[in-house]
Amino acid sequence: MGFLFLLSIGIVILAIVSFINSMRLRDRVNDLEWQLSQLNKINERLKNLEDKLQENVTKKEEVASEPVVIKQVSPVSRPEQAAEPAVQETKRSVYEFAQPKSRTREEWESLIGGKLLNRIGALALIIGLGFFLKHAFDNNWISETVRVFIGGLAGLSCLGFAYRAHRKGFQIFAQGLLGAGISILYLSVYASFNFYSLIPQWVAFILMSIVTALSLAVGLYYNSLAVGVLGWAGGFLTPIMLSTGVPNETGLFTYIALLNVGLLAVVFAKKEWNIIEPLTLAGTWIIFFSWYFEYYKNSDLTITVFFISVFWVLFFGLDLARLRLKWDVTISQHITTGINLFLFFIMLYVLVDKDYHTWMGGTTLLLACIYSGAFLILYKQKTVVNAVTIRYTLSAVALAVIATAIQFEDFTTVILWSIEIALLAWCGVHWKQRFLYFAAIILFSFAVLKFFYTKGAFVFNPIEQFTPVFNERSLTLTVMAITFGLSAWLLRGSGKKGDVFSTVFHSSWCIAIFTLFTVETNDFFEWKIISQSVVAPHYLSYLRILVLAVIWCIISLPLVRISLKDRIIPVLISGFAILALSIYLGIVYGLKFEPITDYNLILNVRTGSILLIIAGTFLQCRVIGPHRSTIPWLVKAFSVLQVAIVVLVLVLLTGETIDYFERQIVTGEIIGNELKQLKNLRQLSLSGIWMLYSVTLMVYGFWRSLRNFRIIAFVLFGFTILKIFIYDLSYLETLYRIFSFIGLGVILLTVSYVYQKYKENIFGTGTNIKK
């Protein structure tokens with residue numbers, strides 16, 4: 001019963017498929033025949049047109065040889081216009097050829113009566129015979145051996161009838177018989193083994209392999225893709241249908257490998273049958289994974305790696321053969337070869353890495369070399385198109401990157417990836433392959449993320465083992481800065497995309513240098529705080545901030561100079577950003593010395609640090625001064641730096657004044673009136689220093705004709721006046737108020753006098769001077 005049921009279902013399905021395919025193919029044949037008839041009509045009309053034109057030219061030559069007779073000729077009588085109706089007729093025929101032809105009633109009648117009824121009758125006959133056989137089997141009219149024999153005879157008979165039908169020109173009908181015959185043969189062998197146990201497994205295996213080979217040969221002979229696909233299905237269903245539940249890896253995968261050879265040979269022989277290639281890849285790996293999840297053991301490692309390598313080599317070899325012969329590669333073939341490498345590598349990693357991790361990196365690198373070597377050979381032979389170039393190159397790059405990640409860890413991986421980034425940039429420029437720019441950027445992202453997530457990237461751990469400068473993190477950041485800078489230099493001027501990527505790399509190497517000095521300085525002081533108990537940790541923490549500010553200022557100097565020399569805007573912006581951070585730290589931490597008990601007037605780290613930052617900012621002004629006309633926004637940057645210098649000096653003077661009195665208050669045993677007097681003196685001194693500093697700025701602004709300095713002086717005057725009238729008037733004693741207001745009055749009157757006396761000089765030069 002089971003055999004008859006499968007046989008009936010198979011016959012029905014094949015009949016339906018054959019019917020549909022025959023209808024579609026016949027319609028295509030009819031359309032092609034009609035189009036061919038239209039082409040013949042066009043050729044006849046063009047020939048007639050050519051003959052008429054030739055006659056007109058002959059007449060024209062005869063007229064030209066006769067005596068000249070002047071008469072009026074109608075435009076219609078010109079030969080050129082006489083041919084216009086024929087040309088218009090030809091255009092109409094071409095237009096009619098382009099239009100789809102609707103079937104006539106006779107054609108519809110022929111289609112229904114001659115084809116459709118034939119197919120329905122054949123299908124009804126097959127179904128009727130199927131029910132008859134089922135009834136005969138249910139009543140044991142036919143023995144098991146006879147049933148199998150009948151099935152085999154029916155299958156071979158279908159193939160014989162298909163041969164005769166094909167020779168008589170019934171190709172579509174023959175394809176249906178071929179599909180039915182192959183299906184019956186498969187089911188007959190399967191039933192003889194699984195249902196009735198008439199033959200052993202190895203005999204059934206050989207018979208089904210013969211049927212598979214026969215179906216592929218028949219498909220090639222009759223040029224029938226449907227029969228070829230049927231052979232593919234039967235080939236991969238054979239080990240499933242004949243399985244006994246006992247694992248036999250060598251036999252199974254040897255058969256799959258041989259089946260792959262046959263199927264890929266068919267694909268190579270019939271280029272239009274490219275659908276069989278992805279189907280073969282899918283069937284191979286489905287069979288493999290089914291076996292792997294059920295039967296694989298660690299002892300099977302060697303033989304399993306061998307067979308998956310064979311599977312990969314077969315598809316890889318087919319791809320190389322196509323490229324060697326300069327065949328066009330379709331999208332499905334690109335996808336198939338990519339999936340082939342992906343599945344092979346994933347399975348290789350799963351099998352090998354667990355117990356042989358040290359071998360996996362080298363194996364992956366070997367794969368990368370194979371793909372890159374194959375590409376170079378094809379590239380030199382000028383047989384590689386752009387899509388193949390991208391696929392092979394990216395495969396080699398991806399394998400090399402993965403090999404690095406497998407074989408190495410932490411900072412070593414980041415170092416090697418950074419070197420690979422520079423190599424990708426060089427290859428992209430050298431071979432003019434812009435997709436390598438994107439590959440470099442993607443790998444750059446991986447390298448940065450890997451650095452971020454590496455232990456000890458920003459805080460050395462354990463800090464007790466820290467060695468300044470001479471450590472793996474410093475080497476990593478140095479290599480990143482060098483390779484990123486080299487990549488930016490290579491990509492300069494290589495087009496719009498190259499310029500964008502160059503900007504990214506320029507900013508990145510500046511950030512790498514900034515990170516290097518920042519983390520090393522921070523960890524150095526952290527290490528000193530832990531390892532030394534003599535120096536107060538509070539003082540070292542304060543000193544760390546000031547040293548960072550000075551180092552940042554020093555870093556910004558060469559960045560700005562280099563960027564202005566070569567007009568590298570990303571580096572220039574990075575230099576200004578680092579300098580801005582330095583100035584910010586100097587301003588914030590320059591107002592209060594910590595701890596106040598370690599403070600010494602002027603001779604202290606804060607004074608030295610802020611003076612260095614002021615000097616660095618001043619040097620930056622000298623550097624960018626000559627270039628202000630080349631880059632428009634440098635004018636504003638120059639003015640901002642001038643203001644920053646003035647503010648830093650003010651912060652230093654304010655901090656030194658406040659901390660001088662604060663130290664006396666904290667360290668001395670001062671109470672009562674003496675403490676109050678000291679606080680009054682601090683406020684008076686602060687007001688006086690602000691006033692003197694304002695006057696100094698005003699004088700310098702007059703002398704150098706710098707409006708910015710005069711404006712800052714006015715602003716500082718305003719703050720000082722507000723302080724005196726609001727704070728000093730309310731909290732200072734009478735004597736200090738007197739000195740404060742008298743000093744304010746004298747300074748304001750002096751400034752007013754100077755403005756009145758030198759007004760023309762000031763405003764005459766102040767409108768077009770150094771801003």
Can you name the helices (runs of 4 or more DSSP H) wholly within region 402-507 that have at least 1 residues being over 28 Å from VAL560 (Cα atoms) and of a type outside the set (D, E, K, R)?
-> 410-431, 435-452
In region 540-567, anything touching a residue at least 40 places away in the same chain (Cβ under 8 Å) and under 17 Å from VAL635 (Cα atoms) is listed as VAL560, ARG561, LEU564, ARG567
Taking SER445 and the conditions (1) closer than 30 Å to ASN386 by Cβ; (2) in contact with an Asp or Glu (Cβ under 6 Å, 6 or more places away or on another chain); (3) of a type in the set (Ser, Thr, Tyr), which numbered condition does it fall short on, given that it satisfies the others?
-> (2)
Exactly one of PHE306, PHE288, PHE311 is of a type outside the set (Ser, Thr, Tyr) and without any contact (Cβ under 8 Å) to a residue 40 or more places away in the chain, and that residue is PHE306
What is the one condition in (1) of a type outside the set (Ser, Thr, Tyr); (2) free of Cβ contacts under 8 Å to residues at least 12 places away in the same chain; (3) within 30 Å of ASN386 (Cβ to Cβ) that PHE435 does not satisfy?
-> (2)
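Conditions (1) closer than 23 Å to SER574 by Cβ; (2) out of contact with any helix residue (DSSP H, G or I) (no Cβ under 7 Å at 6 or more places or on another chain); (3) among the aliphatic types (A, V, I, L, M), marked per residue:
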| position | (1), (2), (3) |
| --- | --- |
| CYS427 | no, no, no |
| LEU436 | no, no, yes |
| VAL448 | yes, yes, yes |
| THR467 | no, yes, no |
| ARG473 | yes, no, no |
| THR478 | yes, no, no |
| ALA488 | yes, no, yes |
| LYS496 | yes, yes, no |
Among (1) surrounded by fewer than 17 Cβ atoms within 10 Å (Cβ to Cβ); (2) charged (D, E, K, R); (3) closer than 24 Å to VAL469 by Cα, the one test that GLU520 misses = (1)
Of the criteria (1) touching a helix residue (DSSP H, G or I) at 6+ places or on another chain (Cβ under 6 Å); (2) at pLDDT 95 or above; (3) assigned by TED's automatic domain parsing to the domain that holds VAL646, which one ILE554 fails | (1)
What about VAL146, is it in a helix (DSSP H, G or I) and modelled with pLDDT under 75?
-> yes
Unique residue being at pLDDT below 90 and closer than 18 Å to TRP312 by Cβ when the list is LEU242, LEU220, LEU264, LEU258 | LEU258
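For ILE339, state whether it is touching a residue at least 24 places away in the same chain (Cβ under 8 Å), in contact with a Ser or Thr (Cβ under 7 Å, 6 or more places away or on another chain) and part of a helix (DSSP H, G or I).
Values: touching a residue at least 24 places away in the same chain (Cβ under 8 Å): yes; in contact with a Ser or Thr (Cβ under 7 Å, 6 or more places away or on another chain): no; part of a helix (DSSP H, G or I): yes.
No, not satisfied.
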Considering only region 283-304, how many residues are surrounded by 15 or more Cβ atoms within 10 Å (Cβ to Cβ), aliphatic (A, V, I, L, M) and under 15 Å from GLY251 (Cα atoms)?
-> 1
Taking region 590-638, which residues are surrounded by fewer than 12 Cβ atoms within 10 Å (Cβ to Cβ) and in contact (Cβ under 8 Å) with a residue 40 or more places away in the chain?
-> LEU601, ILE602, THR630
May I ask you to list the residues in region 484-517 that are surrounded by fewer than 21 Cβ atoms within 10 Å (Cβ to Cβ), at pLDDT 95 or above and in contact with a Leu (Cβ under 7 Å, 6 or more places away or on another chain)?
-> THR515, LEU516
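Scanning for something touching a Lys or Arg at 6+ places or on another chain (Cβ under 9 Å), hydroxyl-bearing (Ser, Thr, Tyr) and in contact (Cβ under 8 Å) with a residue 24 or more places away in the chain, does region 388-406 turn up at least one residue? Steps first, answer last, please.
At the first step, the residues of region 388-406 found to be touching a Lys or Arg at 6+ places or on another chain (Cβ under 9 Å) are 405.
Those still in the list that are hydroxyl-bearing (Ser, Thr, Tyr) too: none.
Scanning region 388-406, I find no residue that is touching a Lys or Arg at 6+ places or on another chain (Cβ under 9 Å), hydroxyl-bearing (Ser, Thr, Tyr) and in contact (Cβ under 8 Å) with a residue 24 or more places away in the chain, so the answer is no.
On the basis of being at positive phi and either free of Cβ contacts under 8 Å to residues at least 12 places away in the same chain or not in a helix (DSSP H, G or I) (or both), does GLY251 make the cut?
Values: at positive phi: no; either free of Cβ contacts under 8 Å to residues at least 12 places away in the same chain or not in a helix (DSSP H, G or I) (or both): yes.
Answer is no for this residue.
Would you be able to tell me the number of residues in region 464-497 that are over 30 Å from TRP431 (Cα atoms) and free of Cβ contacts under 8 Å to residues at least 24 places away in the same chain? Give the steps one after another, and end with the answer.
Filtering region 464-497 down to residues over 30 Å from TRP431 (Cα atoms) leaves 464-475.
From the residues that got through so far, the ones that are free of Cβ contacts under 8 Å to residues at least 24 places away in the same chain too are 465, 467, 470-471.
Summing the residues that are over 30 Å from TRP431 (Cα atoms) and free of Cβ contacts under 8 Å to residues at least 24 places away in the same chain in region 464-497 gives 4.
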Write out, first by first residue and then by second, each pair whose Cβ atoms fall under 6 Å of each other, whose residues are 6+ apart or on separate chains, and whose first residue, in region 450-463, is under 16 Å from THR521 (Cα atoms) while the second is among the β-branched types (Val, Ile, Thr) and buried (at least 17 other Cβ atoms within 10 Å of the Cβ).
-> PHE458/VAL519
Read through the list (1) of a type in the set (S, T, N, Q); (2) assigned to a helix (DSSP H, G or I); (3) at pLDDT below 95, then give the number of the only condition that SER574 fails.
-> (3)
Test: residue in region 546-558 that is of a type outside the set (A, V, I, L, M, F, W, C), within 13 Å of LEU619 (Cα to Cα) and touching a Leu at 6+ places or on another chain (Cβ under 9 Å) | yes
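Could you please find all residues in region 359-385 being hydroxyl-bearing (Ser, Thr, Tyr) and either without any contact (Cβ under 8 Å) to a residue 12 or more places away in the chain or not in a helix (DSSP H, G or I) (or both)?
Narrowing region 359-385 to residues hydroxyl-bearing (Ser, Thr, Tyr): 363-364, 371-372, 379, 383.
The answer is TYR379, THR383.
The values are calculated or read from the model by the stated rules, or taken from the named source; none is laboratory data. Predicted model, so just to flag it, every value in this text is computed and none were measured. Neighbour counts run over all protein chains shown; Cβ positions are idealised from the backbone, glycine included.
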